[in-house]
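The values are calculated or read from the model by the stated rules, or taken from the named source; none is laboratory data. Nothing here was measured: the structure is a model prediction, and the numbers come from that model. Methodologically, a virtual Cβ is constructed for each residue, glycine included, from the backbone with ideal geometry; neighbour enumeration extends over all protein chains shown. Each accessible area value is taken on the protein alone, full model and side chains, heavy atoms only, with ligands, DNA and RNA left out. Shrake-Rupley method; radii C 1.70, N 1.55, O 1.52, S 1.80 Å.
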Amino acid sequence: MQQAPEAMTLKVIAHIHTAFPTKFGIPRQSGLVEELRGEIIFTPEYRNPDALRGLEDFSHIWLVWQFSGAVRDNWSPTVRPPRLGGNTRVGVFATRSPFRPNPLGLSSVKLEAIEQRPDVGPVLIVRGADLMDATPIYDIKPYIPYADCHPDAAEGFTGQTRTHHLEVSCPEALWQTVPEADRAALQGVLASDPRPSYQHDPQRVYGMEFAGLEVHFTVDGAQLTVRDITLL
């Protein structure tokens with residue numbers, strides 16, 4: 001039997017464009033903020049509509065992508081998940097941490113539409129992505145409910161953090177500076193608590209870039225208060 005090679009080269013087939021130019025504020029899992037919109041644009045070699053034939057019949061897809069903001073030359077067998085306070089170590093393969101032997105991410109997103117554009121070919125419009133803007137994508141696969149959904153699956157340590165949400169307060173005058181199409185998504189991102197979980201200083205002002213805006217906020221207990229929103 002011929003032995004498989006120990007290494008392989010992956011080709012970037014597409015990039016996704018989202019509201020997050022930096023890592024801060026990105027939801028920690030896909031689908032947590034369904035209002036978040038993303039556009040997947042294929043690289044020139046893969047702009048063939050035939051490659052997507054039949055994909056329109058699926059409501060959700062899997063994205064295999066690179067943690068492009070966390071590429072390292074080394075790795076650690078244990079990591080500290082943010083939702084466990086940043087101090088408890090667990091095995092890297094028991095987490096979805098970006099600091100892995102191979103910096104690959106896996107996300108399930110809703111496929112809202114497939115658009116044909118004369119300048120870039122087919123474009124996938126998705127919702128609920130947890131990816132930074134311009135993230136390279138290596139593969140796209142259909143989400144198959146009967147095979148991919150396991151309602152009775154054990155959730156491990158994630159069960160204790162799954163329902164963590166904040167109440168969001170924002171002065172109406174500031175809220176009106178946010179484009180209407182982005183308000184629900186921004187609301188969802190803030191409610192999901194963008195902070196590192198080990199930071200609890202109610203006086204600290206956090207800044208987050210989102211869809212061409214810089215949003216400043218504080219968090220006191222379960223209350224997040226927007227302090228300022230400015231154009232970048």
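The table below lists the values:
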read-out: Segment 1-107: C-alpha gyration tensor shape, a/c 1.5 cut-off, then a/b vs b/c; value: oblate
read-out: Carbon plus sulfur fraction of accessible area for segment 76-166, probe 1.4 Å, in percent; value: 53
read-out: Net charge of Cβ neighbours under 12 Å - reference residue 61; Lys, Arg +1; Asp, Glu -1; value: -2
read-out: Carbon/sulfur fraction of accessible area - segment 1-49, other protein chains in place, 1.4 Å, %; value: 55
read-out: Ordering of 55-62, 1-8 by packing [mean C-beta count within 10 Å, highest first]; value: 55-62, 1-8
read-out: Residue 199-residue 75 FRET efficiency (beta carbon distance; Förster radius 35 Å; 0.05 resolution); value: 0.85
read-out: Tilt relative to the chain, helix 180-191 - C-alpha long axis, 0 to 90 degrees, to 10; value: 80
read-out: Rounded to 5, the percent of DSSP beta bridges in the chain classed as antiparallel; value: 95
read-out: The chain, helix-only ellipticity at 222 nm - DSSP H runs n ≥ 4, -39,500 (n - 2.57), divided by all residues, nearest 500; value: -2000 deg cm²/dmol
read-out: Length released on extending from residue 92 to residue 175, taking residue separation times 0.36 nm less the Cα-Cα span; value: 26.0 nm
read-out: Segments 96-104, 164-172, 134-142 sorted - mean Cβ within 10 Å per residue, highest first; value: 134-142, 96-104, 164-172
read-out: Heavy-atom accessible area per residue - segment 123-176, 1.4 Å, Å²; value: 60
read-out: By average C-beta atoms within 10 angstrom, highest first, the peptides 21-32, 202-213; value: 21-32, 202-213
read-out: Accessible area of segment 1-102 divided out per residue, in Å², using a probe of 1.4 angstrom; value: 67
